[in-house]
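Contents: one structure, followed by commentary.
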Amino acid sequence: MKKHYDVLVVGGGIIGHSVAYSVSKRGMSVLVIEKGEINRKASSAAAGMLAAQAEVTEAGPLFDLARESRNMFSSLSEDLKEQTGNDIDLIEKGMLTIALTEEKVHSLRSTIAFQQAAGEKASWLRGEDLLSVEPNLSKTVLGAMYAPDDGQVSAFKLATSFARAATLLGARILEYTDVTGILIENDRVQGVKTVQGDFFGDHVVVTGGAWTKQILEQTNVDLPIYPVKGECLSVRTNERLITKTIFSDDCYIVPKNEGRLLIGATMIPGTFDEKVSVAGISQLLNKAINLLPSLKDAEWEKAWSGIRPQTGDGLPYIGEHPSVKGLHVASGHYRNGILLSPITGEIIADLIEGNELTSARLAFSLNDKRRREQFSEASY
Ligand SMILES: Cc1cc2nc3c(=O)[nH]c(=O)nc-3n(C[C@H](O)[C@H](O)[C@H](O)COP(=O)(O)OP(=O)(O)OC[C@H]3O[C@@H](n4cnc5c(N)ncnc54)[C@H](O)[C@@H]3O)c2cc1C
């Protein structure tokens, strides 16, 4: 196997494959190195929501990045289909963020106001209007914010399509290969050490999800990226109970193809343990039945979990290492890695090509002053 590439990508989840796809499209040679099997960690656990408006409730760089990325999905879906023959199951039917209390009604109304001011479509549906759109919702729901442009995909199909498209453009993927170190000389990256020997690259991109902090340990930067476990389950119904994704503070219900409903997700910080707990699943089911009572007649399908990469300030890291040239990080996408995958690949490809980033994109850099202050002095 070839030992030298333009770009080495460490971690074969959706972010690694999006990066591989973007840089391959720009003509660079790429090797993705994955510790286990590709797309088996957070990226296959995800519900696939493209919740730019439902997930991000205040103005700022994350909101702008999220909506820009969401707006890339229509053409991305066509491009990936044309290149790979795979469908990513893009569904563009909008999302409803539910209010069960007066306090939530109030906060959703201010979210609607800021999103409208930012040029997004968002409206308030009162109880009766809401029930005319989704008649199976519980009568206890007071109303909902409707975001017609938020959609959803199959996370696993998107991740595998990125990987397939990248390989069709020439990228290589090496599975079952743990990256154990980063090769650095004179503050410039040279490649990586792996259990199958060293590989060399002009650029190395660390896309290790929740494991990124450990991969970067030897590079003298202690990035605050930590694990947050999420459990999910799916059921099947004969009749279609909802057409839009139902999103609430307690849980979400995502209508997939062929009568599947995906219900998520718990938030358990500080663990890499992927066991699914009875407590987590029963809590989710109770909350979901509270929103959609006829769910109790659904047929059980399965439950699973994944480990999300969260950061200290809630923003992903997408940028070059502060002291090692050619070493890049794209990680910490927390609950929005599927949504943010297309834009992340493009930003990393721009960085590698030496294109100047807009100031909005610099907010995600590892060098941003505000973020740097969060790291311990010693780590810089
Ligand atoms: C239950 C759940 C529901 C979610 N729902 C949504 C959603 O609806 N919408 C959304 O946008 N996001 C959602 N997310 C978040 C999303 O799944 C993540 O943000 C995203 O998958 C992160 O992708 P990643 O590639 O960074 O990480 P991962 O998919 O975890 O990939 C990282 C890869 O790096 C590999 N790796 C680690 N260490 C090494 C090493 N030393 N050497 C080589 N490889 C290594 C790992 O094996 C892994 O394959 C959800 C997450 C969960 C858990």
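See the values below:
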{"quantity": "Odd one out for Leu339, checked against (1) touching a strand residue (DSSP E or B) at 6+ places or on another chain (Cβ under 6 Å); (2) under 19 Å from Val189 (Cβ atoms); (3) part of a loop (DSSP other than H, G, I, E, B)", "calculated": "(2)"}
{"quantity": "Residue that is nearest to Ser331 (Cα to Cα) [pool: residues in the range 1-17 that are open to solvent by less than 10 Å² (accessible area, probe 1.4 Å) and more than 8 Å from the ligand (Cβ to nearest atom)]", "calculated": "Val9"}
{"quantity": "Hits in the range 108-117 - residues which are loosely packed, with under 15 Cβ neighbours inside 10 Å and in contact with a strand residue (DSSP E or B) (Cβ under 8 Å, 6 or more places away or on another chain)", "calculated": "Arg109"}
{"quantity": "Helices (runs of 4 or more DSSP H) completely within the range 1-61 that count 3 or more residues being farther than 21 Å from Met267 by Cα and of a type in the set (A, V, I, L, M)", "calculated": "14-25"}
{"quantity": "Some residue of the range 147-157 being open to solvent by 20 Å² or more (accessible area, probe 1.4 Å), touching a residue at least 12 places away in the same chain (Cβ under 8 Å) and over 30 Å from Lys25 (Cα atoms)", "calculated": "yes"}
{"quantity": "Unmet requirement for Leu261, which otherwise passes all of (1) in a strand (DSSP E or B); (2) free of Cβ contacts under 8 Å to residues at least 60 places away in the same chain; (3) open to solvent by 20 Å² or more (accessible area, probe 1.4 Å)", "calculated": "(3)"}
{"quantity": "Criterion (among the small types (Gly, Ala, Ser) and outside any helix (DSSP H, G or I)) met by exactly one of Ala360, Ala303", "calculated": "Ala303"}
{"quantity": "Positions within the range 332-346 being over 21 Å from Ala54 (Cα atoms) and open to solvent by less than 10 Å² (accessible area, probe 1.4 Å), in sequence order", "calculated": "Gly345"}
{"quantity": "Unique residue being more than 16 Å from the ligand (Cβ to nearest atom) and open to solvent by less than 30 Å² (accessible area, probe 1.4 Å) when the list is Ser24, Ser74", "calculated": "Ser24"}
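Per-residue answers, yes or no, for (1) in contact (Cβ under 8 Å) with a residue 60 or more places away in the chain; (2) open to solvent by less than 50 Å² (accessible area, probe 1.4 Å); (3) away from the ligand (no atom under 15 Å from the Cβ); (4) within 21 Å of the chain's Cα centre (by Cα):
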| position | (1), (2), (3), (4) |
| --- | --- |
| Thr237 | yes, yes, yes, no |
| Ile268 | no, no, no, yes |
| Gln283 | no, no, no, no |
| Asp297 | yes, no, yes, no |
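The values are calculated or read from the model by the stated rules, or taken from the named source; none is laboratory data. Here the structure is a predicted model, which means the values were calculated and not measured. Positions of Cβ are backbone-derived with ideal geometry, glycine not excepted, and every protein chain shown enters the neighbour counts. Areas reflect the complete protein model, heavy atoms only, side chains present, ligands, DNA and RNA absent. Shrake-Rupley method; radii C 1.70, N 1.55, O 1.52, S 1.80 Å.
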